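The values are calculated or read from the model by the stated rules, or taken from the named source; none is laboratory data. In this text the structure is predicted, and so the values were computed from the model without any measurement. We place every Cβ from the backbone using ideal geometry, glycine too, and count neighbours over all the protein chains shown. Just so you know, the surface numbers come from the protein's heavy atoms only, side chains and all, with ligands and any DNA or RNA stripped out. Shrake-Rupley method; radii C 1.70, N 1.55, O 1.52, S 1.80 Å.
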Amino acid sequence: MRHYYSADAIRDAEAPLLQRLPDGALMRRAAHGLATAIARELALRTGGVAGRRVCAVVGSGDNGGDALWAAAFLRRRGVAATAVLLTPDRAHRAGLAAFRRAGGQVVEQVPPTTDLVIDGVVGISGSGPLRPGAAEVFAAVDAAGIPVVAVDLPSGLDVATGAADGAHVRAALTVTFGGYKPVHALGDCGRVELVHIGLELPDAVAAGFEAGDVLARWPVPGPRDDKYTQGVTGILAGSSTYPGAAVLCTGAAVAATSGMVRYAGTAGQQVLALWPEVIATPTAQEAGRVQAWVVGPGLGTDSAGAAALVFALDQDLPVIVDADGLTILAAHPDLLADRRAPTVLTPHAGEFARLAGSPPGDDRIAATRRLADQFGATVLLKGNVTVIAEPGGAVYLNRADESWAATAGSGDVLSGMIGALLAAGLPPGEAAAAAAFVHARAAGASALDPGPHPAPTSASRILAHIRTALAQL
């Protein structure tokens with residue numbers, strides 16, 4: 001599990017270490033890890049370390065000190081090091097002294113022969129976009145195509161939201177210290193590496209599933225299991241106008257687990273043509289017993305769609321509401337007023353705005369938490385970074401490595417996967433987080449099939465790669 005901590009939590013955890021350790025020791029510890037990561041990046045990009053050239057762009061304060069100390073350590077490995085001091089009179093004194101003792105040179109601008117730039121402008125205490133001088137330096141770096149390694153976070157990004165309100169650094173690699181911060185999931189940080197510096201950290205503000213976490217939770221049939229004990233998923237989706245949504249949603253539930261899927265609706269013929277193992281009936285009342293309902297994809301917002309949603313929410317069973325179901329719920333939020341069983345809502349930004357009365361904005365974690373508390377339901381806010389919040393509880397972040405899932409119908413696939421995991425007994429937040437993780441992997445795999453280079457994909461191809469993504473775990 002990857003945990004994300006607030007900037008205040010990191011600073012509070014650093015305080016006792018700063019009191020116990022000799023002056024500057026914690027900074028040197030962090031800078032040594034930074035220098036090691038930079039050396040690896042240089043070797044990866046250029047085939048070597050000695051003889052390469054780095055330039056630190058340095059602001060005031062400790063972030064600049066980290067960059068200067070790291071450049072000094074790199075000098076010991078034969079790296080030529082320069083530094084651009086954006087505020088020369090406020091550069092970190094000890095770091096600058098060490099840099100100069102090691103043979104580093106202060107320059108006015110990044111030399112064009114530089115192999116890698118170190119962003120040491122501002123750290124986790126900074127806010128707002130780059131100031132004009134720094135923005136000019138990094139515009140030239142971008143134009144020259146020089147890769148950037150950011151110290152703690154790319155300067156100009158908000159540490160809590162990852163948002164950029166103007167000029168900011170575009171990093172190929174971000175090296176952070178002590179613990180991950182929300183920006184490392186929510187912002188454009190490139191690859192992110194964590195350097196442990198001995199912090200004792202409190203509870204995290206959010207967590208992110210990794211492969212092992214998903215593997216530990218995804219249902220695997222045991223020797224005594226049968227099709228019923230593994231969970232029966234009920235699907236209320238599709239209509240004469242949108243039968244494809246039913247096909248995608250139902251097929252994803254079939255692919256996600258080894259239990260049973262029951263489909264109820266008008267698209268039974270189309271569903272059975274592709275998934276003959278599904279039990280199809282015209283109405284939910286005829287469907288038989290299920291352990292969870294998926295309601296909404298392609299359902300329509302007419303009286304029949306509303307009746308299907310009411311039916312599912314009236315059951316004492318987990319329900320995931322998506323697409324048209326969310327539109328109906330936005331008009332009738334009282335449908336969740338007395339509900340006690342788990343409910344998962346999966347809006348994209350537009351659906352979120354209808355439910356909440358306003359768009360999620362830059363602070364997607366806070367907005368998702370508010371909506372979860374408002375409805376008493378687990379909320380999954382879709383996006384390249386999926387934000388999942390449980391009412392009054394945990395927050396999960398799932399960052400996709402690519403954006404191939406941004407295609408029509410992929411949300412229907414995700415809903416079917418979540419429904420199958422709910423039917424198998426996973427708690428709602430974990431079901432949503434695990435499904436989002438595998439969904440992103442399946443999207444990536446579908447874009448690379450047949451490979452070796454990615455190409456546009458589609459929801460039906462993502463569905464076809466769910467088992468591939470699970471097998472890779």
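What are the pairs, 6+ residues apart or on separate chains, where a residue within segment 275-302 that is more than 16 Å from K227 (Cα to Cα) has its Cβ under 6 Å from a residue that is of a type in the set (F, W, Y) and open to solvent by 40 Å² or more (accessible area, probe 1.4 Å)? Correct list of pairs: A284/F311; G298/Y242. Of all the residues in segment 137-185, those that are under 19 Å from the mean Cα position of the chain (by Cα) and touching a residue at least 60 places away in the same chain (Cβ under 8 Å) number 16. Restricted to strands (runs of 3 or more DSSP E) entirely inside segment 375-473, those with at least 2 residues that are touching a residue at least 12 places away in the same chain (Cβ under 8 Å) and in contact with a His (Cβ under 9 Å, 6 or more places away or on another chain) are 395-399. For first residues located in segment 2-14 and closer than 17 Å to A185 by Cα and hydrophobic (A, V, I, L, M, F, W, C), partners that are open to solvent by less than 10 Å² (accessible area, probe 1.4 Å) and assigned to a strand (DSSP E or B) and lie 6+ apart or on another chain with Cβ distances below 7 Å do not occur. Taking the residues in segment 344-373 that are closer than 14 Å to G393 by Cα and of a type in the set (K, R) as candidates, determine which candidate is most open to solvent (accessible area, probe 1.4 Å). Selected residue: R370.
From the list A440, A405, A432, pick out the single residue that is under 20 Å from the mean Cα position of the chain (by Cα), at pLDDT below 95 and of a type in the set (A, V, I, L, M). Walk me through how you get there before you give the answer.
Values: A440 fails: at pLDDT below 95; A432 fails: at pLDDT below 95.
Every option except A405 fails the conditions.
If you check G178, G190, G222, G212 for being under 27 Å from E430 (Cβ atoms), touching a strand residue (DSSP E or B) at 6+ places or on another chain (Cβ under 9 Å) and among the small types (G, A, S), only one passes: G178.
Taking segment 52-104 as the range and being more than 31 Å from the chain's Cα centre (by Cα), open to solvent by 10 Å² or more (accessible area, probe 1.4 Å) and within 17 Å of V117 (Cβ to Cβ) as the test, the residues that pass are R52, R53, W69, F73, R75, A80, T82, L85, L86, A91.
Here the condition is being in contact with a Lys or Arg (Cβ under 9 Å, 6 or more places away or on another chain), under 21 Å from G208 (Cβ atoms) and surrounded by fewer than 23 Cβ atoms within 10 Å (Cβ to Cβ); of G383, G376, G393, it holds for G383 alone.
Scanning segment 40-92 for residues that are part of a strand (DSSP E or B) and closer than 19 Å to R28 by Cα yields a count of 8. Looking at segment 23-49, I want the residues that are more than 13 Å from V148 (Cα to Cα) and free of Cβ contacts under 8 Å to residues at least 24 places away in the same chain and have a partner that is surrounded by fewer than 21 Cβ atoms within 10 Å (Cβ to Cβ) and not acidic (D, E) with Cβ atoms under 7 Å, at least 6 apart or on another chain. Which pairs are those? Qualifying pairs under 7 Å: A43/V49. Take the conditions (1) closer than 18 Å to L186 by Cα; (2) open to solvent by 20 Å² or more (accessible area, probe 1.4 Å); (3) modelled with pLDDT under 95; A400 misses just one of them, which is (2). Considering only residues in segment 208-229 that are in a loop (DSSP other than H, G, I, E, B) and hydrophobic (A, V, I, L, M, F, W, C), the one that is surrounded by the fewest Cβ atoms within 10 Å (Cβ to Cβ) turns out to be V220. Counting residues in segment 168-189 that are assigned to a strand (DSSP E or B), farther than 30 Å from A37 by Cα and either open to solvent by 50 Å² or more (accessible area, probe 1.4 Å) or out of contact with any Pro (no Cβ under 6 Å at 6 or more places or on another chain) (or both) gives zero.
I'd like the full set of residues that are over 19 Å from G383 (Cβ atoms) and open to solvent by less than 10 Å² (accessible area, probe 1.4 Å), limited to segment 190-207. Walk me through how you get there before you give the answer.
Of segment 190-207, the ones over 19 Å from G383 (Cβ atoms) are 191, 193-204.
Within segment 190-207, just I197 meets the criteria.
Within the bounds of segment 422-432, is there any residue that is touching a strand residue (DSSP E or B) at 6+ places or on another chain (Cβ under 8 Å), over 18 Å from A207 (Cα atoms) and either of a type in the set (V, I, T) or surrounded by 24 or more Cβ atoms within 10 Å (Cβ to Cβ) (or both)? Yes, segment 422-432 has at least one match. Evaluated against (1) surrounded by 13 or more Cβ atoms within 10 Å (Cβ to Cβ); (2) under 16 Å from G178 (Cβ atoms); (3) among the charged types (D, E, K, R), R20 falls short on exactly one condition, (1).
Give the residues of segment 105-114 that are open to solvent by 20 Å² or more (accessible area, probe 1.4 Å) and touching a Ser or Thr at 6+ places or on another chain (Cβ under 8 Å), sorted by residue number.
The answer is Q105, V106, V107, V110, P111.
If we scan segment 327-334, do we find a residue that is touching a His at 6+ places or on another chain (Cβ under 9 Å) and buried (at least 19 other Cβ atoms within 10 Å of the Cβ)? Reasoning before the result, please.
Initial filter on segment 327-334 (touching a His at 6+ places or on another chain (Cβ under 9 Å)): none.
Looking for residues that are touching a His at 6+ places or on another chain (Cβ under 9 Å) and buried (at least 19 other Cβ atoms within 10 Å of the Cβ), one finds none in segment 327-334, hence no.
Within segment 1-29, being over 13 Å from D62 (Cβ atoms), within 24 Å of the chain's Cα centre (by Cα) and of a type in the set (D, E, K, R) holds for R2, D8.
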